[in-house]
Each structure stands twice: as C-alpha cells, then as structure tokens.
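Colleague: Before we start, here is the structure in question, set down as structure tokens.
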C-alpha cells in the first residue's frame with residue numbers, strides 16, 4: 001500500500017522504529033532519524049569549505065578550460081534541469097491522477113512539484129544571503145562575488161532526482177547521471193560556475209528530504225503502519 005506523498009508503507013502494522021536507527025521502515029523519511037539528521041548536517045557543513053575553495057581558487061580556471069573541453073551536446077543536457085518542466089510535470093501528474101482518482105500517483109506528483117519548488121526557494125534564499133554578505137564586504141567589487149549564487153537548474157534536477165529515487169530506487173544510477181549532466185551542461189554553457197552548480201544540486205537534495213520529513217512530522221497519523229518508538233532526542 002502506498003502512503004501519502006508517494007511513500008510506501010506496509011499493509012500490516014510494522015514494528016516501531018527508534019529515532020536513532022540507521023535503517024528505517026519503508027515510507028519513513030531519512031530525516032526522521034536523528035542519526036541521518038547528523039549525517040546530513042555533517043555533509044552540509046563539510047560542503048561549505050569545499051565550495052569556498054572551489055569559489056576562490058578553482059571556479060575561474062575551470063570556467064576557462066570549459067571553453068574548449070566540453071562537447072556542445074552537453075548544452076542540451078541543461079533541459080533535464082528545467083524548473084518549469086519539472087513543475088509543470090508534477091502539476092500535470094497531480095491533476096491527471098486526481099481526475100482519475102489515482103490518489104497515490106496524485107500525491108507523488110504533488111510531492112515532485114513541492115520538492116522542486118522548495119529546492120528553488122532554498123537556492124534563492126542562499127543566493128540572497130550571499131548577496132547580502134557581498135554588499136557589506138569590502139571586496140564586493142571583486143569579480144569573484146559576482147558568480148556566487150546556487151544554480152536553479154541544478155537545484156531542480158537534484159530535487160526531482162531525489163523524489164524519483166524514493167519511488168524507483170533501482171533508477172539511482174540514471175538519476176545521478178542526470179544530475180551530473182545538468183551540472184556539466186550548466187558549466188559548459190558558462191551560465192554557472194562549478195561551485196554554483198554543486199551548491200544548487202545540494203539545495204535541491206536538501207529540499208527533497210526536508211519536504212517529506214516536514215509532512216511526516218505534522219501528520220504522523222498519515223502513516224498508520226509505522227509507529228515511532230519512544231526515545232530521548234540527543
């Protein structure tokens with residue numbers, strides 16, 4: 001049986017899970033576990049110095065290298081990260097499935113559009129925060145500040161890939177390749193630097209994990225086959 005927002009849960013009552021468990025019952029978002037929250041938080045914090053190094057020392061040389069290194073067909077890969085296409089696709093799935101009374105598919109279409117929307121919003125908020133930092137920095141006239149903004153296409157592609165992966169786990173290789181092509185396509189067209197592309201992809205990934213967790217937190221009764229065990233939060 002499929003649960004809300006496209007997640008699957010068992011027909012019979014599943015054993016209670018502990019919020020410190022690494023392995024969660026099918027249907028429970030990763031962020032429901034404190035262990036996975038710590039892992040995601042560590043990855044997020046670890047990405048900050050990496051992006052700073054890329055921004056300061058690697059972005060410009062790589063950008064110049066891409067003028068002749070990457071084939072022109074990579075430019076077409078940018079279409080895989082079109083925010084409008086993913087939003088329209090999720091909305092169309094939701095409306096068509098709702099009309100046909102396919103509730104599980106309709107919920108998944110809604111989740112797809114919601115994840116992409118939140119991923120774009122997160123990328124925009126991060127870009128605005130960076131812009132504020134640049135405005136108060138004495139080096140704000142430096143060209144390095146001008147390109148520091150999470151890429152929207154990479155955010156949309158990553159959010160969509162994460163959403164599809166939850167529904168079709170076996171397609172993870174194809175989904176990783178899709179996000180990689182969008183990242184390379186954005187860089188090859190020189191519309192985004194490498195740090196921007198990676199920041200955008202991580203924004204979309206975070207959004208695709210945060211939206212289901214937020215829904216699960218506010219509506220735990222939506223998952224009748226999954227009950228959390230009592231455990232003290234660290």
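Colleague: Can you confirm whether residue 222 is modelled with pLDDT under 90 and surrounded by fewer than 15 Cβ atoms within 10 Å (Cβ to Cβ)?
Modeller: In short, no.
Colleague: Would a scan of region 137-149 turn up a residue that is at pLDDT 90 or above and in contact with a helix residue (DSSP H, G or I) (Cβ under 8 Å, 6 or more places away or on another chain)?
Modeller: Step one: list which residues in region 137-149 are at pLDDT 90 or above, which gives none.
No, there is no match, as no residue in region 137-149 is at pLDDT 90 or above and in contact with a helix residue (DSSP H, G or I) (Cβ under 8 Å, 6 or more places away or on another chain).
Colleague: Please count how many residues of region 80-100 are farther than 26 Å from residue 176 by Cβ and exposed (fewer than 14 other Cβ atoms within 10 Å of the Cβ).
Modeller: Residues flagged as farther than 26 Å from residue 176 by Cβ and exposed (fewer than 14 other Cβ atoms within 10 Å of the Cβ) within region 80-100 amount to 4.
Colleague: Tell me whether region 179-187 contains one or more residues that are part of a helix (DSSP H, G or I), free of Cβ contacts under 8 Å to residues at least 12 places away in the same chain and under 16 Å from the mean Cα position of the chain (by Cα).
Modeller: There is at least one residue in region 179-187 that is part of a helix (DSSP H, G or I), free of Cβ contacts under 8 Å to residues at least 12 places away in the same chain and under 16 Å from the mean Cα position of the chain (by Cα).
Colleague: Could you please find all residues in region 188-202 being more than 12 Å from the chain's Cα centre (by Cα) and at pLDDT 95 or above?
Modeller: Once the filter is applied, which keeps residues that are more than 12 Å from the chain's Cα centre (by Cα) and at pLDDT 95 or above, region 188-202 yields nothing.
Colleague: Within region 13-29, track down each residue that is under 21 Å from residue 208 (Cβ atoms), at pLDDT 75 or above and surrounded by fewer than 17 Cβ atoms within 10 Å (Cβ to Cβ).
Modeller: Those that are under 21 Å from residue 208 (Cβ atoms), at pLDDT 75 or above and surrounded by fewer than 17 Cβ atoms within 10 Å (Cβ to Cβ): 22, 23.
Colleague: I would also like to ask the following. Would you point out which residue out of 166, 116 is touching a helix residue (DSSP H, G or I) at 6+ places or on another chain (Cβ under 9 Å), at negative phi and at pLDDT 95 or above?
Modeller: Being touching a helix residue (DSSP H, G or I) at 6+ places or on another chain (Cβ under 9 Å), at negative phi and at pLDDT 95 or above holds for just one of 166, 116, which is 116.
The values are calculated or read from the model by the stated rules, or taken from the named source; none is laboratory data. Computed from a predicted model, the values in this text were never measured in an experiment. Here the Cβ is made from the backbone with ideal geometry for all residues, glycine too, and neighbour counts use every protein chain on show.
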